[in-house]
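Novice: My questions will all concern the structure given below.
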Amino acid sequence: MSEVAKFACDGHELEFPVVEGSEKERAIDISQLRKQTGLITIDEGYVNTGSTRSAITFLNGEEGVLRYRGYAIEELAENCDFIEVAYLLIYGELPTQQQLDTFRSSIASHTKLQDGVPAFFDHFQKDAHPMSMLASVVSALATFNQDSLDPTDAAQIESSILSLMGNLPTVAAHGHSKITGAALNHADSELSYCENFLHMMFSKSGKEYKANPLFVKALNLLLIVHADHEQNCSTSTVRMVGSANANLYASIAAGVGALSGPSHGGANEAVVNMLYQIQADGGDVEKYVKKAKDKEDGFRLMGFGHRVYKNFDPRANIIKAACDELLEDLNLDDPLFDIAQRLAKVALEDEYFIKRNLYPNVDFYSGVIYRAMGIPVEMFTVLFAIGRLPGWISHWKEMHESPTMRICRPRQVYTGANSRQFASIDKRG
Ligand code: SDX
């Protein structure tokens with residue numbers, strides 16, 4: 001007999017089924033609540049609300065567990081490259097060598113932007129934010145791929161997946177060229193995904209460029225740990241937009257917009273700007289921990305805290321270790337990394353942070369690595385988006401493959417004016 005949750009209200013005695021996932025997570029299925037009681041639930045920020053069932057990523061916030069399709073993030077980060085992990089997320093299984101080679105070459109054949117797309121960058125302001133440029137151009141890609149927009153056609157979905165996976169780094173590199181004035185280098189399909197991205201941004205025209213293998217390794221790891229994170233804000237946005245049968249480009253563009261917020265993916269940029277601020281202020285980390293605790297101040301320690309992780313973010317641990325290794329290998333002494341480590345130490349020993357289970361999250365250390373690679377701070381969230389793209393795609397695809405898919409349309413509790421008589425303009429005020 002399956003478990004039920006008993007519910008009593010307005011004289012109603014009701015039972016709702018309790019559903020259990022493959023990792024024994026349990027949820028009350030309230031899909032019949034309004035029909036049976038006229039009541040709805042309300043849950044600001046969806047802290048306690050599950051939006052869907054999903055087989056893609058499992059998080060255990062209490063134990064700091066993150067698995068993509070059942071594989072531990074630590075193992076994937078150690079043993080895979082990003083395209084292999086992207087395949088796993090999108091298609092559900094680790095690829096065979098042949099599947100991986102085909103996927104890799106299909107993506108490589110989509111790295112060049114169609115004629116007309118680069119011209120968008122001629123019209124952005126020089127100080128345009130690369131995330132705004134990315135969202136704009138990704139949305140516009142739908143107009144250049146009008147033969148692959150049908151979300152019910154598997155072949156068209158596959159075509160748009162490969163187009164987005166191939167195009168995104170190139171669009172990002174155009175944004176980098178726009179804000180830095182550096183020459184843009186055409187994609188080199190002979191290079192790996194990460195090498196090609198670094199090549200497009202950093203090759204000096206006419207000079208042989210060999211990406212530092214340490215940078216390629218670090219970028220690969222960063223893209224893997226950013227690749228998916230179940231129903232986070234931007235992924236939920238991609239699902240929400242996709243649930244209306246909007247095309248994949250429009251759904252991903254919406255996800256880029258959500259990710260740009262400093263409470264979400266924009267935090268990696270905000271972390272480095274915060275570290276710069278602390279450095280300019282004499283490196284007084286205690287002062288900023290104090291500010292973060294002061295409700296009147298409104299300052300938050302960027303890169304700290306998480307809705308799900310209440311112990312530690314396993315990705316932060318992986319990235320911090322990569323930080324240590326890269327800076328040591330490069331014999332680089334980054335004062336911001338020292339400040340970050342001192343800040344984390346003070347915060348993690350402070351009752352305010354301990355009581356609220358606030359730990360460094362994925363964004364706290366990633367910017368230090370990007371800086372070491374010479375990537376401008378405005379580009380940090382763009383790299384988060386490149387990493388998260390396969391996650392967004394996998395959730396959009398899973399939703400469309402679900403027989404229970406329906407448009408996402410939450411309810412509300414109305415708190416506005418009750419019915420009132422219309423007044424013509426001469427009788428107002
Ligand atoms: C990402 O969802 C995902 O999985 C996201 C992500 C992914 O991979 O997709 O992991 C990526 O977005 C990571 C988070 C990046 N954002 C930041 O680093 C911004 C700083 N962090 C916070 O703003 C906050 O911690 C959030 C947004 C991450 C989580 O917000 P919640 O879950 O809504 O937590 P909350 O705002 O309700 O805070 C709970 C308490 C509050 O204090 P009290 O009211 O209980 O006294 O903790 C405090 C908050 O004031 N708090 C912080 C804090 N984060 C929470 N206080 C100081 N500094 C902080 N960073």
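The values are calculated or read from the model by the stated rules, or taken from the named source; none is laboratory data. A quick note: this is a predicted structure, and the numbers were derived from the prediction, not measured. Note that each Cβ is placed from the backbone with ideal geometry, even for glycine, and that neighbours are counted across all protein chains shown. To get the accessible areas, we keep the full protein, side chains included, count just its heavy atoms, and leave off ligands, DNA and RNA. Shrake-Rupley method; radii C 1.70, N 1.55, O 1.52, S 1.80 Å.
Novice: Within segment 305-321, is there a residue that is more than 10 Å from the ligand (Cβ to nearest atom), within 16 Å of Leu219 (Cβ to Cβ) and more than 20 Å from the chain's Cα centre (by Cα)?
Specialist: Yes - at least one qualifying residue is present in segment 305-321.
Novice: Only one of (1) in contact with a helix residue (DSSP H, G or I) (Cβ under 8 Å, 6 or more places away or on another chain); (2) more than 16 Å from Met274 (Cβ to Cβ); (3) of a type in the set (Asp, Glu); (4) assigned to a helix (DSSP H, G or I) fails for Glu328. Which number is that?
Specialist: Unmet condition: (1).
Novice: Just checking, how many residues over segment 257-283 are open to solvent by 50 Å² or more (accessible area, probe 1.4 Å) and more than 8 Å from the ligand (Cβ to nearest atom)?
Specialist: The number of residues fulfilling the criteria is 8.
Novice: Any residue in segment 39-62 that's within 22 Å of Ser263 (Cβ to Cβ): show its pairings with residues that are part of a loop (DSSP other than H, G, I, E, B) and hydrophobic (A, V, I, L, M, F, W, C) at Cβ separation under 7 Å, as long as the two are six or more apart or on different chains.
Specialist: Note: pairs meeting the criteria are Ile42/Val413; Leu59/Val308; Gly61/Val308.
Novice: It is to be established whether one or more residues within segment 314-336 are acidic (Asp, Glu), open to solvent by less than 70 Å² (accessible area, probe 1.4 Å) and modelled with pLDDT under 95.
Specialist: yes
Novice: Here's a follow-up. If a residue has to be assigned to a helix (DSSP H, G or I) and either open to solvent by less than 20 Å² (accessible area, probe 1.4 Å) or at positive phi (or both) to count, how many in segment 146-161 make the cut?
Specialist: The qualifying residues number 2.
Novice: Have a look at Lys295, Lys291 and point out the one that is farther than 18 Å from Arg371 by Cβ, assigned to a helix (DSSP H, G or I) and of a type outside the set (S, T, N, Q).
Specialist: Lys291
Novice: Then there's this: Any chance you could count how many residues in segment 44-58 are part of a loop (DSSP other than H, G, I, E, B) and either within 12 Å of the ligand (Cβ to nearest atom) or open to solvent by 80 Å² or more (accessible area, probe 1.4 Å) (or both)?
Specialist: 4
Novice: Mind checking which residues of segment 75-122 are in a helix (DSSP H, G or I), among the acidic types (Asp, Glu) and surrounded by fewer than 16 Cβ atoms within 10 Å (Cβ to Cβ)?
Specialist: The answer is Glu75, Glu78, Asp101, Asp122.
Novice: Now for a separate question. Can you tell me which residue within segment 351-376, out of those that are within 10 Å of the ligand (Cβ to nearest atom), surrounded by fewer than 24 Cβ atoms within 10 Å (Cβ to Cβ) and of a type in the set (D, E, K, R), is farthest from Leu301 (Cα to Cα)?
Specialist: Lys355
Novice: Filter segment 8-31 down to the residues that are part of a loop (DSSP other than H, G, I, E, B) and modelled with pLDDT under 95, then identify the one that is most open to solvent (accessible area, probe 1.4 Å).
Specialist: It comes out as Asp10.
Novice: Output the qualifying pairs, or none if there are none: Cβ atoms under 6 angstrom, residues six or more apart or on different chains, first residue in segment 372-388 and touching a residue at least 60 places away in the same chain (Cβ under 8 Å), second residue charged (D, E, K, R).
Specialist: From residues that are touching a residue at least 60 places away in the same chain (Cβ under 8 Å), the pairs are Val377/Glu269; Phe380/Glu269; Thr381/Glu269.
Novice: Could you pull out the residue among Ala172, Ala183, Ala246, Ala211 that is in contact with a Leu (Cβ under 8 Å, 6 or more places away or on another chain) and in a loop (DSSP other than H, G, I, E, B)?
Specialist: Exactly one of Ala172, Ala183, Ala246, Ala211 is in contact with a Leu (Cβ under 8 Å, 6 or more places away or on another chain) and in a loop (DSSP other than H, G, I, E, B), namely Ala211.
Novice: I'm checking my understanding of the structure. Among residues of segment 228-249 that are within 11 Å of the ligand (Cβ to nearest atom) and either over 11 Å from the mean Cα position of the chain (by Cα) or not polar (S, T, N, Q) (or both), which one is most open to solvent (accessible area, probe 1.4 Å)?
Specialist: The selected residue is Cys233.
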